[in-house]
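The values are calculated or read from the model by the stated rules, or taken from the named source; none is laboratory data. The structure presented is a predicted model; accordingly, all values stated were derived computationally and were not measured. Methodologically, a virtual Cβ is constructed for each residue, glycine included, from the backbone with ideal geometry; neighbour enumeration extends over all protein chains shown. Please note that ligands, DNA and RNA were not included when accessible areas were found on the heavy atoms of the full protein model with its side chains. Shrake-Rupley method; radii C 1.70, N 1.55, O 1.52, S 1.80 Å.
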Amino acid sequence: MDKIIIHGGKRLTGEVRISGAKNAALPIMTASLLGAGVHTFHNIPNLVDVQTIKKLLSSMGAKVDTEGTTIRINADHIDHCEASYDLVKTMRASILVLGPLVARMGKARVSLPGGCAIGARPVNLHIKALQAMGAVVDLKEGYIEARAKRLKGTTIYFDIVTVTGTENIMMAACLARGTTFLKNAAQEPEVVNLAEVLNGMGARISGAGTDVIRIDGVDALSPAEATVIPDRIEAGTFMIAAGMTQGDVRILDCNPRHLDAVITKLRDSGMDVIPIENGVRVTGCETRKSVDIKTHPYPGFATDLQAQMMSYMAVAGGLSVITETVFENRFMHISELMRMGADIVIEGNRAIVKGVDHLRGAPVMATDLRASASLILAGLVAEGKTELSRVYHIDRGYEAIEQKFSALGADIRRIKA
Ligand code: UD1
């Protein structure tokens, strides 16, 4: 297995370009299942999760071609409405084929995702919403089997804000008979990007980006041509890294309006974050001040940046309280950070982080995607050598991360297995 080796202590300077958002690319690609014809999507990042969705769509009969960051999906013939356990277990977001398949093909068989490193993460709300729209759903041998002649529009209230749940049901409702209202819907920019793509296909969606989405069903959708928004989590990761290393980095091809919560916290911690054309310039300062963080669904502080922020707080001056409210078990990185000298105490869903003068490089292990990013950030400021194993997690969600950091002056390289 590959490893990433970092010698810490380098100040990051220069510019970095942000790739397309993984969490927008995945649902947008599955939206192609809703309409026959050739769909064209631009700014698709080259990530393992994107490869997994390509495999999944191909296994269903779609024809997928990639040319640079553009992908074409011909969804004329979908003859196998199934997402197998092998694919779903490597990527939970495979559940995003459920809504489109039931809506267009009238049936779907999708493996239940099961647990993952950051918690139980059930999909009960996806299933309940499809049932409310008239689908018959059975759970058999670890699979969700759903059938519906044609889904019916209705009002759905999500007990918990769910991003892929909102996306799945928004896609399904596009081809339903009548009007669907999604209440307590996720407001993430990726949901808005997907809604824009669907409207480009002829769907009638309004309210995306608020907590109530209205979808007036139509009889058929046509092929889409669309561009994926920049990855706000990748951008946030580079912002934190820039400030943490007391560097000066221009982060380009990103949309700072998607990062208000993060930028506010970074400024409070002493960083300068200045909007520039097509991005932001982030400058760190001598004294890194501690700030408290509480994760929330958008527009709150993203849970996907909690681990990276914790690495930053591990070397800030003072005490920081980091509260995770979205997932129940998203502190797996803490024990690894402590092996590097971080001073962190866990109290339920809160981590009390007391900043230390220095972290020390150590062999560490990635446990999930964002935890891996936090360990890389810690390695960038640690004294000596950090050796990160299980880097396949990072390849799921960050494009060419070591090349991008290396171009900013970090001493980081990958050792191939
Ligand atoms: C998405 C993102 C992920 C991010 C997360 C929260 C994608 C592909 N992934 O994941 O990067 O960390 O949003 O911002 O977009 N829940 C239920 N029942 C359900 C669905 C969810 O109880 O049916 C719970 C989950 O266990 C979790 C919370 O709701 O505690 C939010 O999860 P959700 O928004 O669904 O996460 P994902 O969509 O899987």
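Which value, in Å to one decimal place, does the Kirkwood hydrodynamic radius take for the range 148-295 when every pair of different Cα atoms is included?
17.3
In Å², what does the accessible area per residue of the chain work out to with a 1.4 Å probe?
For the chain, the per-residue accessible area is 39 Å².
How about Lys265: which aspartates and glutamates have a C-alpha closer than 12 Å to its C-alpha, ignoring those fewer than 8 places off in the same chain?
Leaving aside aspartates and glutamates fewer than 8 places away in the same chain, those within reach of Lys265 are Asp292.
For the residue pair Lys3 and Asp272, what label-to-label distance in nm results when each label sits 7 Å from Cα along the Cα-to-beta-carbon direction?
Going from the Lys3 label point to the Asp272 one covers 3.9 nm.
Let a ≥ b ≥ c be the square roots of the eigenvalues of the Cα gyration tensor of the range 279-350; is it rounded (a/c under 1.5), or, if not, prolate (a/b larger than b/c) or oblate? Intermediate values should be presented prior to the final figure.
Details: a/c = 1.82, a/b = 1.10, b/c = 1.66.
Cα axes put the range 279-350 in the oblate bin.
If you add up the charges near Ala21, with Lys and Arg at +1 and Asp and Glu at -1, over every other residue whose beta carbon is less than 10 angstrom from its beta carbon, what do you get? Can you show the working numbers first?
Numbers: positive: Lys22, Arg232; negative: Glu188, Glu190, Asp231, Glu234.
Neighbourhood net charge equals -2.
Defining a contact as two alpha carbons under 8 Å apart and six or more residues distant in sequence, what relative contact order in percent does the chain show? Please list the in-between numbers first.
Details: 1046 pairs, mean separation 88.9, N = 417.
Computed over the chain, the figure is 21 percent.
Using only helices, what value at 222 nm comes out for the chain when you add -39,500 (n - 2.57) per DSSP H run of length 4 or more and divide by the total residues, to the nearest 500 deg cm²/dmol?
Roughly -9500 deg cm²/dmol at 222 nm, from the helical runs in the chain.
When the Kirkwood hydrodynamic radius is evaluated over all pairs of different C-alpha atoms of the range 182-221, what value in angstrom, to one decimal, is obtained?
Averaging 1/r across every pair of different Cα atoms and inverting gives 10.1 Å.
Where is the GNM fluctuation largest for the chain (alpha-carbon springs, 10 angstrom cutoff): Met309, Met105, Met271?
Greatest mean-square fluctuation among the candidates belongs to Met105.
Taking only the Cα atoms of the range 340-406, how large is their convex hull per residue, in Å³? Don't skip to the end; give the middle numbers.
Values: hull volume 6.4 nm³, N = 67.
Given the Cα convex hull of the range 340-406, per-residue volume reads 95 Å³.
What residues have an amide H closer than 5 Å to that of Tyr157, excluding those fewer than 5 places away on the same chain, when H is modeled at 1.01 Å from N in the peptide plane?
Lys183
Work out the P(r) tail for the chain: percent of alpha carbon pairs separated by more than 39 Å, whole number.
Working: 16347 of 86736 pairs.
Across the chain, Cα pairs with separations above 39 Å total 19 percent.
Which of Ser32, Leu12, Ala93 sits farthest toward the positive end of the charge dipole of the range 8-106, with +1 on the Cβ of Lys and Arg and -1 on the Cβ of Asp and Glu?
The listed residue farthest towards the positive side: Leu12.
If you average the alpha carbon positions of the range 199-243 and of the range 138-157, how far apart do those two centres end up, in angstrom?
24
Specify the inter-centroid distance of the range 1-26 and the range 65-85, based on alpha-carbon positions, in whole Å.
So the two Cα centres are separated by 28 Å.
Which three lengths, in whole Å and largest first, does the range 42-135 cover when its Cα atoms are put on their principal axes?
Extents along the principal axes: 38, 33, 22 Å.
Going by amide H atoms built from the backbone, whose H comes under 5 Å of the H on Tyr143, apart from near neighbours?
Leu112
Expressed as a whole percentage, what fraction of the accessible surface of the range 22-227 belongs to carbon and sulfur atoms when a 1.4 Å probe is rolled over the protein heavy atoms?
Ligands and nucleic acids excluded, carbon and sulfur give 49 percent.
When the Karplus curve 6.51 cos²θ - 1.76 cosθ + 1.60 is applied with θ = phi - 60°, which whole-Hz ³J(HN,Hα) does each residue of the range 93-107 get, with x for Gly and Pro?
These are the phi-based 3J(HN,Hα) values: 5, 4, 4, 5, 7, 4, x, x, 5, 5, 5, 8, 9, x, 7 Hz.
Using the Kirkwood formula over every pair of different C-alpha atoms, what hydrodynamic radius in Å results for the range 8-68? Display every interim value, and only then the final one.
On the way: mean 1/r = 0.0745 Å⁻¹.
Radius from the Kirkwood sum: 13.4 Å.
Can you give the Rg/Rh ratio of the range 22-227, where Rg is from the C-alpha atoms and Rh is the Kirkwood radius? Walk me through the numbers before you get to the answer.
Numbers: Rg = 15.1 Å, Rh = 16.4 Å.
My calculation puts Rg/Rh at 0.92.
Given Lys54/Lys107; Lys128/Lys354; Lys3/Lys54, which pairs have Cα atoms separated by over 31 Å? Intermediate results must be reported in sequence, preceding the final value.
Working: Lys54/Lys107 20 Å; Lys128/Lys354 43 Å; Lys3/Lys54 26 Å.
Beyond 31 Å: Lys128/Lys354.
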